[in-house]
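The values are calculated or read from the model by the stated rules, or taken from the named source; none is laboratory data. This one's a predicted model, so the numbers in the text were calculated from it and none came from an experiment. Heads up, the Cβs are rebuilt from the backbone with ideal geometry, glycines too, and the neighbour counts pull from every protein chain shown.
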Ligand SMILES: NC(=O)c1ccc[n+]([C@@H]2O[C@H](COP(=O)([O-])OP(=O)(O)OC[C@H]3O[C@@H](n4cnc5c(N)ncnc54)[C@H](OP(=O)(O)O)[C@@H]3O)[C@@H](O)[C@H]2O)c1
């Protein structure tokens, strides 16, 4: 597949020293026909979904699940997947885990503190380099900037910069917000209440289903294009939250309204529900970034990687709320 953000000639024309043709990876004098894949965050939601998709395409013995708690990956081991311990805080464990790996799928940490996130991510990249990994696919976020109000964005920016400067061949896969976050954002009683509150203004968001991202990642791992490309997994159309409300109204057959509140009101509402402070900061920052249109840009890359149209907002809402029809 040859689908990077940058315009490029055909895949065939791109084959060369900058290409990672993993269907036939050359290691030393040997031609390695069965590349080894490793996935960090393998016990997380995206990691699990990606492993599930990848295991429909390659043999379990070609896959290494890297987990800080290998006990959580017992089911994968039972399926024949190699399970290795690897903690983002422990560089030596990562270097050991990445031995013999051709392509590493690097899933970001769930740690929230910026400085810790960046340090953990640098450990992963340093270890990949030390272990001789041939290619790193980093799952980043859309529109990463050092100044974004969305807490994860500056960490993605710093990680991308570090990876670009590492000398490793890389691919950056930038996810937009997951559709799967919507039930959290709308609240558990949205249908009964007929309304939900948030602070995103008229901000447009391109949402993506986590399992669509997982399938796209598996496809990209097994049918790689040229190295050093950026894929924006942000399908059109981008929606305002008023449009989300309207789509949900259609699904459940009763009016649902989006009620705009201030960031302060959003924070104090979350505080009343005992949401921990770091998550409140993440939530209000996300709302501000939505208002600033940081998630509004769209790209055809996901459909191209999947080979079909991605899951739409309406289909997702139908799946989750379809049983709550008035
Ligand atoms: N685009 C979006 O809307 C969106 C939403 C949520 C998250 N994200 C980002 O996407 C990433 C993956 O999403 P997800 O839904 O799969 O999140 P997740 O389920 O929280 O997965 C995060 C993974 O990181 C692992 N991890 C955390 N600290 C680690 C450490 N010190 N060493 C090794 N592994 C560590 C976790 O291990 P355990 O399994 O042991 O916990 C988990 O497997 C997240 O980390 C976050 O950066 C994006």
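Could you check, for segment 250-261, whether at least one of its residues is under 19 Å from the mean Cα position of the chain (by Cα) and in contact (Cβ under 8 Å) with a residue 40 or more places away in the chain? Among the residues of segment 250-261, not one is under 19 Å from the mean Cα position of the chain (by Cα) and in contact (Cβ under 8 Å) with a residue 40 or more places away in the chain, which makes the answer no. For segment 188-235, the tally of residues that are away from the ligand (no atom under 16 Å from the Cβ) and more than 17 Å from the chain's Cα centre (by Cα) stands at 20. Here is a list of conditions, (1) farther than 30 Å from residue 37 by Cβ; (2) surrounded by fewer than 19 Cβ atoms within 10 Å (Cβ to Cβ); (3) within 16 Å of the ligand (Cβ to nearest atom), and residue 259 meets all of them except one; can you say which number that is? It fails just one condition, (3). Taking residue 155 as the residue in question, decide whether it is crowded, with 20+ Cβ neighbours inside 10 Å, within 14 Å of the ligand (Cβ to nearest atom) and within 30 Å of residue 259 (Cβ to Cβ). No. Restricting to segment 54-97, give me the number of residues that are within 13 Å of the ligand (Cβ to nearest atom) and either in contact with a strand residue (DSSP E or B) (Cβ under 6 Å, 6 or more places away or on another chain) or modelled with pLDDT under 95 (or both). Selection size over segment 54-97: 10.
One residue is enough: does segment 180-192 have a residue meeting the conditions surrounded by 22 or more Cβ atoms within 10 Å (Cβ to Cβ), under 27 Å from residue 51 (Cβ atoms) and touching a strand residue (DSSP E or B) at 6+ places or on another chain (Cβ under 6 Å)? The answer is no; no qualifying residue exists.
Check segment 112-126 and report whether any residue there is near the ligand (Cβ under 10 Å from one of its atoms), modelled with pLDDT under 95, in contact with a helix residue (DSSP H, G or I) (Cβ under 9 Å, 6 or more places away or on another chain) and under 27 Å from residue 297 (Cα atoms). Checking segment 112-126: at least one residue is near the ligand (Cβ under 10 Å from one of its atoms), modelled with pLDDT under 95, in contact with a helix residue (DSSP H, G or I) (Cβ under 9 Å, 6 or more places away or on another chain) and under 27 Å from residue 297 (Cα atoms).
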